[in-house]
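The values are calculated or read from the model by the stated rules, or taken from the named source; none is laboratory data. The shown structure was predicted, so the numbers you read here are calculated from the model rather than taken from an experiment. Every residue, glycine among them, receives a Cβ derived from its backbone with ideal geometry; neighbour counts consider all protein chains shown.
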């Protein structure tokens, strides 16, 4: 425990940073409202033109569920994926500030985990609580969530929190791995675009994984990305029973351990090629 | 305390073609040039010593320092800090070393200095009582308390350097690496920094390795110097030896009126070497052999100097002299 205390300042610093970007967050929120509205209308058109009309279920999703899914993945991404890991690593390498960390008795990876957690905590407290509370109110309001199953919902919510933390850490380690690639190439912008695209496509943010073709869907379900957006949201929507919840959480946990080990290996190789700029 | 054995660092740099066609060509074939920044360097530094690691720009000083503090991994050879290799046991060795790079700050740019110190206190797990005691001592030798609550970006270069030095000492490292700690400072600040380094060394028995371009830093601080040129050590020994070898060389630069032809002025003595550069006359001599006062008088009376400047020998001059001496010795050895 004492060894972890030295990372506390990094948790705090990134939490404070997050609040320094209030204006970015507001502009982002405005853009997102329009995006979500577009998606709602798009899905409305899809469901209306399907055989069973608006009440039909496509790939296990009714229209109502689809809307809830779209709104929740958006809120979820907003709160969970706030990391500049890749950009920080790129900057540390280009400007040579990586040396400042290498001469301190802290792990470079540990520092980023601390920052990810700080940002996540801050966003969860400031935006998560009101947004999820409002979301819950709407869900009960539109009759998606019967009041009778509230206890069941609370249990799912607890599992959702676990899955959220895992999602945040998975996103962090994937960013970190892409960031480490900046040791070998200066194409940080391209790496970031690649990372963002891969994550939003394979995590089900763009489209639930259930909509993918058969074999592909099975493969994607066992990749780390599903646990980063779709699975936590589906846990929250109570689309999974407890056994399934545990299964997806364990898959995420296994991937997290695996990816952290891979990141460690990659870093220990990459660090040998460091040539600090400017002498 | 520090052992360096046959340390070598080779940088590989891709050769880029010229112009657009060259750029496209480099996409398909990569050629590399190898630069031996540090080439088979070995030395030992015992505890409590202040060592000047000097050489001209690009000689390999910073690269060696970076390998000694674990930022760079050597291509071959090794560094042992208290028996451990810093680039392999980074986090363990980091507790034993403090590093200051004159060109870059390690402090957090936007937050008050005292907050940076508190972060470092947590990172190095310094106890409250140790922290209090060290801050007190460091403030007294570096005078940092007057700007403790200012954000680092508002500090002047001299203040920032003092702050950086204090930051590197908070965890009481066994070894302090200072890479050009006085670069760009004025005389007063330089003096303050030198006094502080002395005080730290005396109080905590800290081993100090410093690189510098300032001869005065070396004379004031270092008992021993290691001189490096093109990645190889060309001198390692006490400062006194170098001085004995080259004497207390000073150069006197005179501006003379146009009606005086310097070549017609009778020479003062054979110990003075004269060179002419447009309207400037440069006299270089050993101040231990020739009386400075006499040379100055002579310069005013014979050359009718309008203006003059006295300077100590620079590190670059010493390096040049050592190299030329070694070449001479080589040439002699070959003849025999």
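A compact table of results
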{"read-out": "Residue match in segment A:133-155 (condition: within 14 Å of chain B (Cβ to nearest Cβ), at pLDDT 85 or above and either surrounded by fewer than 21 Cβ atoms within 10 Å (Cβ to Cβ) or within 20 Å of residue A:195 (Cβ to Cβ) (or both))", "value": "no"}
{"read-out": "Among (1) modelled with pLDDT of 90 or more; (2) buried (at least 22 other Cβ atoms within 10 Å of the Cβ); (3) closer than 27 Å to residue B:202 by Cβ; (4) within 12 Å of chain A (Cβ to nearest Cβ), the one test that residue B:74 misses", "value": "(3)"}
{"read-out": "Filtered residues of segment A:209-236 (kept if under 18 Å from residue A:78 (Cβ atoms) and modelled with pLDDT under 90)", "value": "A:236"}
{"read-out": "Odd one out for residue A:246 among (1) modelled with pLDDT of 95 or more; (2) surrounded by fewer than 17 Cβ atoms within 10 Å (Cβ to Cβ); (3) more than 30 Å from residue B:72 (Cα to Cα)", "value": "(1)"}
{"read-out": "Close pairs from segment A:106-125: first farther than 18 Å from residue B:119 by Cα, partner modelled with pLDDT of 90 or more, Cβ under 6 Å, at least 6 apart", "value": "A:120/A:168"}
{"read-out": "Among the residues listed as B:142, B:80, the single one being modelled with pLDDT of 90 or more, more than 14 Å from chain A (Cβ to nearest Cβ) and within 23 Å of the chain's Cα centre (by Cα)", "value": "B:80"}
{"read-out": "Residue in segment A:109-122 that is more than 19 Å from residue A:232 (Cα to Cα) and either surrounded by fewer than 19 Cβ atoms within 10 Å (Cβ to Cβ) or in contact with a strand residue (DSSP E or B) (Cβ under 7 Å, 6 or more places away or on another chain) (or both) present", "value": "yes"}
{"read-out": "Filter pass, residue A:57 being away from chain B (no Cβ under 14 Å), touching a strand residue (DSSP E or B) at 6+ places or on another chain (Cβ under 7 Å) and either free of Cβ contacts under 8 Å to residues at least 40 places away in the same chain or closer than 30 Å to residue B:72 by Cα (or both)", "value": "no"}
{"read-out": "Every residue from segment B:52-68 that is at the interface with chain A (Cβ under 10 Å from one of its Cβ atoms) and touching a helix residue (DSSP H, G or I) at 6+ places or on another chain (Cβ under 8 Å)", "value": "B:66"}
{"read-out": "Lone qualifier among B:171, B:213 - being at pLDDT 90 or above and either surrounded by fewer than 22 Cβ atoms within 10 Å (Cβ to Cβ) or in a loop (DSSP other than H, G, I, E, B) (or both)", "value": "B:171"}
{"read-out": "Some residue of segment B:12-32 being surrounded by 15 or more Cβ atoms within 10 Å (Cβ to Cβ) and facing another protein chain (nearest Cβ under 9 Å)", "value": "no"}
{"read-out": "Selected residue (criterion: farthest from the other protein chains (Cβ to nearest Cβ)) from residues of segment B:88-101 that are in contact with a strand residue (DSSP E or B) (Cβ under 8 Å, 6 or more places away or on another chain) and surrounded by fewer than 22 Cβ atoms within 10 Å (Cβ to Cβ)", "value": "B:96"}
{"read-out": "In segment B:192-210, the residues that are assigned to a helix (DSSP H, G or I) and either under 24 Å from residue B:55 (Cβ atoms) or in contact (Cβ under 8 Å) with a residue 40 or more places away in the chain (or both)", "value": "B:192, B:193, B:194, B:195, B:196, B:197, B:198, B:199, B:200, B:201, B:203"}
{"read-out": "Segment B:134-151, residues that are in a helix (DSSP H, G or I) and surrounded by fewer than 19 Cβ atoms within 10 Å (Cβ to Cβ)", "value": "B:136, B:137, B:139, B:140, B:145, B:146"}
{"read-out": "Pick from segment B:103-133, criterion more than 10 Å from every other protein chain (Cβ to nearest Cβ) and in contact with a helix residue (DSSP H, G or I) (Cβ under 7 Å, 6 or more places away or on another chain), ranking: surrounded by the most Cβ atoms within 10 Å (Cβ to Cβ)", "value": "B:113"}
{"read-out": "Single match in A:7, A:63 (criterion: surrounded by 17 or more Cβ atoms within 10 Å (Cβ to Cβ), within 25 Å of the chain's Cα centre (by Cα), farther than 18 Å from residue A:127 by Cβ and within 14 Å of chain B (Cβ to nearest Cβ))", "value": "A:7"}
{"read-out": "Number of positions in segment A:194-211 that are assigned to a helix (DSSP H, G or I) and within 15 Å of the chain's Cα centre (by Cα)", "value": "8"}
{"read-out": "Residue check for residue B:6: assigned to a loop (DSSP other than H, G, I, E, B), touching a strand residue (DSSP E or B) at 6+ places or on another chain (Cβ under 7 Å), farther than 19 Å from residue A:274 by Cβ and away from chain A (no Cβ under 14 Å)", "value": "no"}
{"read-out": "Within segment A:31-50, tally of residues that are outside any helix (DSSP H, G or I) and within 17 Å of residue A:208 (Cα to Cα)", "value": "0"}
{"read-out": "Any hit, segment B:294-316, residues being at pLDDT below 80 and loosely packed, with under 12 Cβ neighbours inside 10 Å", "value": "no"}
{"read-out": "Complete set of residues in segment B:276-290 that are loosely packed, with under 12 Cβ neighbours inside 10 Å and without any contact (Cβ under 8 Å) to a residue 24 or more places away in the chain", "value": "B:277, B:278"}
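One line per residue, one yes/no per condition, for (1) in contact with a helix residue (DSSP H, G or I) (Cβ under 7 Å, 6 or more places away or on another chain); (2) away from chain B (no Cβ under 14 Å); (3) not in a helix (DSSP H, G or I):
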position: A:186; (1), (2), (3): no, no, yes
position: A:189; (1), (2), (3): no, yes, no
position: A:192; (1), (2), (3): yes, yes, no
position: A:232; (1), (2), (3): yes, yes, no
position: A:240; (1), (2), (3): yes, yes, yes
position: A:265; (1), (2), (3): no, yes, no
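Residues are listed down the side, and each one gets a yes or a no for (1) crowded, with 18+ Cβ neighbours inside 10 Å; (2) farther than 30 Å from residue B:70 by Cα:
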| residue | (1), (2) |
| --- | --- |
| A:189 | no, no |
| A:213 | no, yes |
| A:219 | no, yes |
| A:239 | yes, yes |
| A:262 | no, no |
